[in-house]
Amino acid sequence: MTINKNTLDAFINEYSWFSSPFSFNDPFDCALIKGDKMKEFFLETKKILCLAAEHDNLLMWSHYADSHKGICIEYTPFNEEEIASLKEQKVFGDSPNDKLCIVQNSRKVEYKSTEKINEYLDSLPNTDQEFMALHKQKIADVQTEEYYSTISKALTIKHESWAYENEYRIIHDGENRNTHPGKIKKIYIGAKASSQDKRTLAMLVDECIDLVCMDFSKTKYALTERALDPTTDFQDLGLRFEE
């Protein structure tokens, strides 16, 4: 992600931003669901947190982290005791653990060919009238959960051209803000991040969080990692450090 006011606010107030499915940069992402009634059922109240399985993907840094000037946050799953404690503190609701918006409940995005996506679309209702008719039929047959599951897959289907993202998603109903889906143990800082942004992060985040600087390898087509070092990473700010 980029480093901006919203990013810093999320650190200070300990939440992660869940986006509206209507705001994604892929015009077909979550837009496979047609009809006003179906969108009302499956999209309007949904918020999505998009996660990646890799922290050193060059394309992801270029496309989503302000061309390597931003950051990548690493989340570690909460254990059972920590989840129980967060529930006692009312950080989480009363939902069962397998329904909470946490990293272990994230759903892997399926990347499909054009043909496979069209096959999926053929299995969906084409109009609101057809949707409601099938909805009533499934209620009568006690098959609504399976029916809803088929349609809600549209939230985790993307074209195969996006497969480089290796994405996982946490989906929930409710407000945009939600607590972090896991413990933040590490923050990776982009290879082109400014000294000022590095120092801001160092002053802002908890001491138990490791700040890792990503650099462009001088010998390979890859990113390398190193711990943030104030004596070198803050040099452009004109600061002086005692030896």
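Figures for the structure shown
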{"quantity": "Size-normalised alpha-carbon gyration radius of the chain, reference 2.2 N^0.38 Å", "calculated": "1.19"}
{"quantity": "Among the listed pairs Lys90/Lys153; Lys34/Lys158; Lys90/Lys183, those beyond 19 Å (Cα-Cα)", "calculated": "Lys90/Lys153"}
{"quantity": "Accessible surface of the range 35-110, 1.4 Å probe, proportion on carbon and sulfur as whole %", "calculated": "48"}
{"quantity": "Whole-angstrom Cα spans of the range 77-130 along principal axes, big to small", "calculated": "46, 29, 12"}
{"quantity": "Cα-based reach from Lys198 at 17 Å (exclusive), listing lysines while leaving out same-chain residues under 8 positions away", "calculated": "Lys5, Lys69, Lys185, Lys186"}
{"quantity": "Å² per residue, accessible surface of the chain at 1.4 Å", "calculated": "60"}
{"quantity": "The range 14-84, Cα convex hull volume normalised per residue, Å³", "calculated": "141"}
{"quantity": "Cα-based reach from Lys192 at 17 Å (exclusive), listing aspartates and glutamates while leaving out same-chain residues under 8 positions away", "calculated": "Asp56, Asp66, Asp215, Glu225, Asp229, Asp233, Asp236"}
{"quantity": "Cβ charges +1 (Lys, Arg) and -1 (Asp, Glu), total dipole of the range 1-157, debye", "calculated": "340"}
{"quantity": "With Cα atoms, 0 to 90° folded angle of helix 128-140 axis to the chain main axis", "calculated": "80"}
{"quantity": "Dimensions (Å) - the range 29-141, Cα atoms, principal axes, largest first", "calculated": "45, 40, 21"}
{"quantity": "Cβ crowding within 10 Å averaged over residues, with 103-113, 217-227 ranked highest first", "calculated": "103-113, 217-227"}
{"quantity": "Highest-first arrangement of 121-132, 191-202, where packing means the average Cβ count within 10 Å", "calculated": "191-202, 121-132"}
{"quantity": "Computed [θ] at 222 nm, helices only, for the chain once each DSSP H run of length n ≥ 4 contributes -39500 (n - 2.57)", "calculated": "-9000 deg cm²/dmol"}
{"quantity": "Euclidean distance of C-alpha centroids, the range 61-94 and the range 1-37, integer Å", "calculated": "15"}
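The values are calculated or read from the model by the stated rules, or taken from the named source; none is laboratory data. Source: prediction; values computed, not measured. Cβ sites come from the backbone with ideal geometry, for glycine too, and all protein chains shown count toward neighbours. The area values use the complete protein model at the heavy-atom level, side chains included, leaving out ligands, DNA and RNA. Shrake-Rupley method; radii C 1.70, N 1.55, O 1.52, S 1.80 Å.
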